[in-house]
Amino acid sequence: MLRAGPASAPYRPALRRGREGPDMEDRRALLEEVTRLVVETLEQMDHGPAMVPVGISARHIHLTREHVEALFGVGHKLTPIKPLSQPGQFACAETVDVYGPAGMLRMRVLGPERSRSQVEIAFSESRKLGIVPPVRNSGDLDGTPGVTLMGPRGKVVLREGLIIADRHLHMSEAEGERYGIKNGDKLELVLQGGKPGVIGNVTARVGRQYALDCHVDIDDANAFQLQQGQWAIIRKQG
Ligand SMILES: [Zn+2]
């Protein structure tokens, strides 16, 4: 910590140029030393617990260009209505009816388009469709169950793509470095609220394109009575 030195004349930075003598050099050296001490102190203060805002993901669907056209018509462009926490991601005006053997769930489309279509539901919703999908990382779709999609202009039979998304946490590379967290690390979230507790098995996704945020589904949110955007302490799973 910075300690106050003995009382001395207050430091006044020279406002005018052209009066630089040995005195100015002393002042500059002093300024550099003070700056170094302030930065050091701030760095020490920054070692509080890592915290993250909680994002609750409702069921949703990501679509390929081909499937957007099959469901909404040739040349159709998705209509963004709300930006999401991750840069470039958005909720769309479009919804799709997703059918399984037992029934239907209506889902919001999230943009932008992706290279594979993907449907994300919570375990408690799988009963409605009559299929229990595996817990998977986004994009890890091989061998997952299929569903049928109905849009206003057509139908798509998805051979695979239904998952329960695993809990995950996005952070930038700089944040990862500051907190000592690497891509793929398993983390815990310490939560306050009506039913406080610890959620484990949260996968870190560290990358330049990410904003600090974590995603849990509605089953986790209900189990812990979570509020959208409430803060959680991040802990490494030991
Ligand atoms: Zn998603």
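Summary of computed values
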read-out	value
Any hit, region 153-166, residues being surrounded by 14 or more Cβ atoms within 10 Å (Cβ to Cβ), without any contact (Cβ under 8 Å) to a residue 60 or more places away in the chain and touching a His at 6+ places or on another chain (Cβ under 6 Å)	no
Region 158-200: number of residues that are farther than 15 Å from Val216 by Cβ and within 16 Å of the ligand (Cβ to nearest atom)	4
Neighbours by Cβ (under 7 Å, 6+ apart or cross-chain): first from region 54-68, over 13 Å from Gln118 (Cα atoms); second more than 15 Å from the ligand (Cβ to nearest atom) and assigned to a helix (DSSP H, G or I)	Ile56/Ala221
In region 171-194, the residues that are closer than 16 Å to Gln230 by Cα and either modelled with pLDDT under 95 or among the aliphatic types (A, V, I, L, M) (or both)	Leu189, Val190, Leu191, Gln192, Gly193, Gly194
Scan of region 74-111 for residues that are touching a Gly at 6+ places or on another chain (Cβ under 8 Å) and away from the ligand (no atom under 16 Å from the Cβ), ordered by number	Asp97, Gly100, Pro101, Ala102, Gly103
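The values are calculated or read from the model by the stated rules, or taken from the named source; none is laboratory data. Everything numeric here is computed off the predicted structure, so don't read it as measured data. Ideal geometry is used to build each Cβ from the backbone, glycine not excepted, and the neighbour counts take in all protein chains shown.
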